[in-house]
Amino acid sequence: MVTGLKNRGVQDIFIACIDGLKGFPEAIETVFPKTAVQLCIVHMVRYGLNYASWKLREAVATDLLAIYSVATVAEAEAQPAAFAHLKVLL
């Protein structure tokens with residue numbers, strides 16, 4: 001598929017937001033070596049929820065979305081304080 005894009009005239013891809021399919025990042029980077037490949041926010045939240053108990057999943061998902069949607073690293077580093085309220089729910 002990636003080679004097909006190249007053959008149809010795509011010259012470069014700046015960012016590829018993918019779903020975690022095995023081998024896909026390598027395929028993109030082979031054809032478009034300058035591409036920044038990242039996991040989409042929905043999939044990052046889903047993977048993070050694997051470590052949360054079922055009763056806390058909604059609260060954790062809300063907090064993870066807040067962390068993943070900030071504009072700067074400094075803002076993201078300040079967000080883990082949002083998880084402090086979850087200790088009360090345990």
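The values are calculated or read from the model by the stated rules, or taken from the named source; none is laboratory data. Everything quoted here is computed from the prediction, not taken from an experiment. So basically every Cβ, Gly included, is an ideal-geometry build from the backbone, and we count neighbours across all protein chains shown. These accessible areas exclude ligands, DNA and RNA; they are computed on the full protein's heavy atoms, side chains included. Shrake-Rupley method; radii C 1.70, N 1.55, O 1.52, S 1.80 Å.
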So the check is Cβ under 9 Å with 6+ separation or different chains; which pairs have a first residue in segment 22-37 that's free of Cβ contacts under 8 Å to residues at least 12 places away in the same chain and a second one that's hydroxyl-bearing (Ser, Thr, Tyr) and open to solvent by less than 50 Å² (accessible area, probe 1.4 Å)? Glu29/Thr35
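Residue-wise test of (1) on the phi < 0 side of the Ramachandran plot; (2) modelled with pLDDT under 80; (3) of a type in the set (Val, Ile, Thr).
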| position | (1), (2), (3) |
| --- | --- |
| Leu49 | yes, no, no |
| Trp54 | yes, no, no |
| Ala59 | yes, no, no |
| Val70 | yes, no, yes |
| Val73 | yes, no, yes |
| Ala76 | yes, yes, no |
| Phe83 | yes, yes, no |
| Lys87 | yes, yes, no |
